[in-house]
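The values are calculated or read from the model by the stated rules, or taken from the named source; none is laboratory data. In this text the structure is predicted, and so the values were computed from the model without any measurement. Don't worry about glycine lacking a Cβ; one is built from the backbone with ideal geometry, like all the others, and counts go over all protein chains shown. Remember, those area values only see protein heavy atoms, side chains included, never the ligands or the DNA or RNA. Shrake-Rupley method; radii C 1.70, N 1.55, O 1.52, S 1.80 Å.
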Amino acid sequence: MKKELEMAINKNNHTKFASLGVVLAIAIGFAGIATAQNLTGGAVQVSANEIDLQPLTNTAVFSGNAEVIQAGNVLRSARFRVQYTADGAIERIVTDSEIFFTSPSERVRANRGEFNAAANTISFFGNVVLSQGQNVVTGEELRINTVTRATFMKSGQGRVKGVFFPSSTPK
């Protein structure tokens, strides 16, 4: 299966099987690891207990300990649902289960998440914890613009809370 997938990706055509390759590679954009629909971050490793490609609805579902790894960045959730166009471009990636993102300098944990290609945003929802070094910010929604890297955190009820250590530097 892995060799067949690599062959389909290397052919660079727009068949449904090649679209799966695009979906696998672009899923990494959900985590902000690379810009949307760009593979500049190197090889993408995807694993899940099941991958269900549904070409009639332009959907791919990665379920069962789904994990995406690229250049030291890791995105994990029980399930990712990827919606893509007929030519393989990603429209939206959604997880309704707990999601974890780790990079060499940042970590995010939330109850669910969504990547929206048209809006160039990654959003994390529910009990969001963002940490960088020793610095920690918590809230109910975290939104990151994948183009500008602008970040917005809000709380549903109550306040956004943070603990900052001025001498803390990301590693």
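Among the numbered criteria (1) open to solvent by 70 Å² or more (accessible area, probe 1.4 Å); (2) among the small types (Gly, Ala, Ser); (3) at pLDDT 95 or above, which one does Ser77 miss?
In the conditions (1) open to solvent by 70 Å² or more (accessible area, probe 1.4 Å); (2) among the small types (Gly, Ala, Ser); (3) at pLDDT 95 or above, Ser77 misses (1) alone.
Do any residues in the range 94-110 that are assigned to a strand (DSSP E or B) have Cβ atoms under 9 Å from those of residues that are among the hydrophobic types (A, V, I, L, M, F, W, C) and open to solvent by 60 Å² or more (accessible area, probe 1.4 Å), where the two are at least six apart or on different chains, and which pairs are they?
Cβ pairs passing all conditions: Arg107/Phe100; Val108/Phe100; Arg109/Phe100; Ala110/Phe100.
For Val163, which of the numbered conditions (1) open to solvent by 40 Å² or more (accessible area, probe 1.4 Å); (2) of a type in the set (A, V, I, L, M); (3) within 16 Å of Phe80 (Cβ to Cβ) fails to hold?
So the condition that Val163 fails would be (3).
List pairs: first in the range 51-65 and at positive phi and part of a strand (DSSP E or B), second among the hydroxyl-bearing types (Ser, Thr, Tyr) and at pLDDT 95 or above, Cβ under 9 Å, 6+ apart or cross-chain?
Every condition considered, the pairs that remain are Asn65/Ser77.
Being open to solvent by 40 Å² or more (accessible area, probe 1.4 Å), more than 23 Å from Ala48 (Cα to Cα) and at pLDDT 90 or above is the requirement here; does Phe152 meet it?
The answer is yes for Phe152.
So which residues in the range 85-102 are open to solvent by less than 20 Å² (accessible area, probe 1.4 Å) and over 12 Å from Val61 (Cβ atoms), if there are any at all?
Listed by number, the residues that qualify are Gly88, Ile90, Ile99, Phe101.
Looking at the structure I just gave you, is Gly139 part of a strand (DSSP E or B) and more than 21 Å from the chain's Cα centre (by Cα)?
The answer is no for Gly139.
Looking at the range 115-131, which of the residues that are open to solvent by 40 Å² or more (accessible area, probe 1.4 Å) and at pLDDT below 90 is nearest to the chain's Cα centre (by Cα)?
Applying the filter and picking the extreme gives Asn120.
Results for (1) aromatic (Phe, Trp, Tyr); (2) farther than 23 Å from Phe80 by Cα, shown as yes or no for each residue.
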site	(1), (2)
Phe124	yes, no
Thr138	no, yes
Ile144	no, no
Ala150	no, yes
Ser167	no, yes
